[in-house]
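These notes concern the structure reproduced below.
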Amino acid sequence: MKRILIILFILVSCYGIVKSFILIPSENDETTIVDLSWPADAGAIGKLPDKRYFFLIAAKVDILPINITDHFKACISLNFQHGFVRNVHLSPKLWRIRVFRTSTENVLIEQGMDYELELLQCHETNLTRIPENINQLKKLRYLELPGNSIETVLLDQLDSLNSLYAVDLSFNKIKHISCLGSVRVPSLSDLHLESNRLNHVDVCGWDMPLLSKLMLDRNNLTHFAINHFRKLKTVSIYKNPLNCVWKYSFLQNRKDVQYIGELSCDEKSAGVPILDCRPSNDQLQQQILDMNKRLQKMEALLEKLGSRIIEQQNVSNDIIEAMYRMEIERASHANKTV
């Protein structure tokens, strides 16, 4: 504490600025600030050392401005822990932003801006939805929003986020996950939806060809079309009232998938849920087109085969006729000799 007070005294003496926050020194490429108030401390923040990583503890910010890092050319990461940070306005230059146990309600993302963000983490905050315009974060690799109050997810928001590798929506209050059409997230490998309130997940519109880890434990699921994910290696579905027929079908047909935890099922569950998605109208039309093409090829082959049979039959007839004539000529020659 004495060291901190000395540093504060030097800063105040040099710059003549009275601040309400505390600067904790570090020899690493990081700056830690305690009790920052914005905009009250706006005049002093530009005098802080230019580091790559800023840690802000117990900050008091109503709206974190988009230009708060403009004074720091090296800054690529903001980390907020505890405190009051209601609205976070993303700066395009940041690579990472972490918000942990704050009162954050909104993450503001502008349309038409080029964002460098690769990791967005809002852990145990007050979010009630996935941030709007999140599809503007074209370089986003990790979206981590666990421990919030999200109830509804529209997956279309993630469509075409081609760099997205992992999504964590665990420990929310999600009841519904929907998509208006097919949602393509081509690089997604890990999806965490555990500890929510899901009764049903229609995964047939989820175009996630590389999904290998799916966490769905501690929900209210009876089944889902697991065969839709051909690259799936690990699944967690324990503490769900699974349909027993579906459970045994899964264990028998997807031995390539490792499941976590002990699988139980509801003996009173009715129906025979299947593991696969039903083909869509477009898929059915494509199947019909493919079948017609195969039939056309078969007809062409049969026509060629028929032509060859006729040719061979004609050749056989010619041979038989030639042999018949030779036999007649031989008989005629024998009669003349006699």
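Note that region 93-203 shows a convex hull volume over its alpha carbon atoms of 92 Å³ per residue.
Once the chain from residue 295 to residue 135 is taken as fully extended at 0.36 nm per residue, the excess over their C-alpha distance is 53.3 nm.
Maximal additional length on extending the residue 272-residue 260 stretch stands at 2.0 nm, based on 0.36 nm per residue less the C-alpha distance.
The mean sequence distance of close C-alpha pairs (under 8 Å, at least 6 residues apart), as a share of the length of the chain, puts its relative contact order at 7 percent.
Taking each of 213/239; 139/231; 93/173; 175/239; 138/255; 173/239 in turn, the alpha-carbon distance tops 25 angstrom for 93/173; 138/255.
Shape call for region 151-258 from the C-alpha gyration tensor, a ≥ b ≥ c root eigenvalues: rounded (a/c under 1.5), prolate (a/b greater than b/c) or oblate? It comes out oblate by the Cα gyration axes. The modelled label-to-label distance for the pair residue 207/residue 234, using points 7 Å beyond Cα in the direction of Cβ, is 2.8 nm. Peptides 154-164, 255-265, 105-115 ranked from most to least packed, by the mean per-residue count of other Cβ atoms within 10 Å: 154-164, 105-115, 255-265. Across 304, 47, the residue with the most accessible area heads the list, and the full order at a 1.4 Å probe is 304, 47. Ranking 139, 73 by solvent-accessible area of protein heavy atoms (1.4 Å probe, all protein chains present), from largest to smallest, gives 73, 139.
Straightening the chain between residue 182 and residue 311 buys 41.2 nm, computed as 0.36 nm per residue apart minus the Cα-Cα spacing.
Label-to-label distance, residue 162 versus residue 74, with points set 7 angstrom from Cα along the beta-carbon direction: 3.4 nm. For the chain, the alpha-carbon radius of gyration amounts to 1.73 times the rule-of-thumb value 2.2 N^0.38 Å expected for a compact globular protein.
The values are calculated or read from the model by the stated rules, or taken from the named source; none is laboratory data. Values in this document were obtained by computation on a predicted structure and should not be read as measured data. Ideal geometry is used to build each Cβ from the backbone, glycine not excepted, and the neighbour counts take in all protein chains shown. Note: areas computed on protein heavy atoms with side chains; ligands, DNA, RNA excluded. Shrake-Rupley method; radii C 1.70, N 1.55, O 1.52, S 1.80 Å.
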